[in-house]
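Written below as structure tokens is the structure these notes are about.
The values are calculated or read from the model by the stated rules, or taken from the named source; none is laboratory data. Fair warning: this is a prediction, and the values are worked out from it, not measured in the lab. Every residue, glycine among them, receives a Cβ derived from its backbone with ideal geometry; neighbour counts consider all protein chains shown.
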Amino acid sequence: MTTRGRGKAIKLEGEIVSELAKPSTPSSRSRSRHTTKPKRATIDLQIEDASEGNRPGYRITAYENGNRIGAIVVRQHRWIQGSPFGVEHIYANRLREGIGTRLYKAAADEACRRGSPFMSDMERSPEADGFWRKQEMKGRASKKTTMLVDTEVDFYLVGCPAPPLD
């Protein structure tokens, strides 16, 4: 990461992920269903301040060839023990290309850089919920439950340093 400025977009170091996944040799019973994995996007990430009132926050935007293809907005949740930075919104224009994963990982790294753990979104799509269940099974995140108004909600917590998420 380069210099840091309030409200100024800052380019993060981006890794190239444009290689096609090598197809595995299909087993005899799965030959008819064998397909290659989709091409992963080559993306650059930029971070900027997204604080709201007295809630510190940041937004990470993913770009491909100068076009915005996804973003995540993260703000600190002081009402949860440990004051984690949690996902407010996340979107990716295309699915199954690793865009959301890269955004979650960059957001977790930034939360740790700011000295707090990272918290998943409380309202998750089925795809995001599957992603976080997988992180829990791999020991990279722990599932927590809290009361929000009169409703019990769950989320996943990632400690520091942030582990690899995939």
Inset, instruction - Residue by residue through the range 62-95, note down the ones that are in contact (Cβ under 8 Å) with a residue 24 or more places away in the chain and among the polar types (S, T, N, Q). - result: Gln76, Ser83, Asn93
Inset, instruction - Evaluate the range 153-161: report whether one residue or more is at pLDDT below 90 and in a loop (DSSP other than H, G, I, E, B). - result: no
Legend entry - Filter result for Glu136 (over 11 Å from the mean Cα position of the chain (by Cα) and assigned to a helix (DSSP H, G or I)): yes
Legend entry - Per-region count, the range 19-66, residues at pLDDT below 60, in a loop (DSSP other than H, G, I, E, B), exposed (fewer than 10 other Cβ atoms within 10 Å of the Cβ) and not hydroxyl-bearing (Ser, Thr, Tyr): 3
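Among the residues of the range 79-93, which ones are in contact with a Ser or Thr (Cβ under 8 Å, 6 or more places away or on another chain) and in a loop (DSSP other than H, G, I, E, B)?
Within the range 79-93, Ile80, Gly82, Ser83, Pro84 meet the criteria.
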Inset, instruction - Filter the range 116-137 for residues that are at pLDDT 95 or above and exposed (fewer than 13 other Cβ atoms within 10 Å of the Cβ) and give the result. - result: Met137
Inset, instruction - Quick one: count up the residues across the range 84-137 that are over 14 Å from Phe155 (Cα atoms), out of contact with any strand residue (DSSP E or B) (no Cβ under 8 Å at 6 or more places or on another chain) and of a type in the set (Asp, Glu). - result: 3
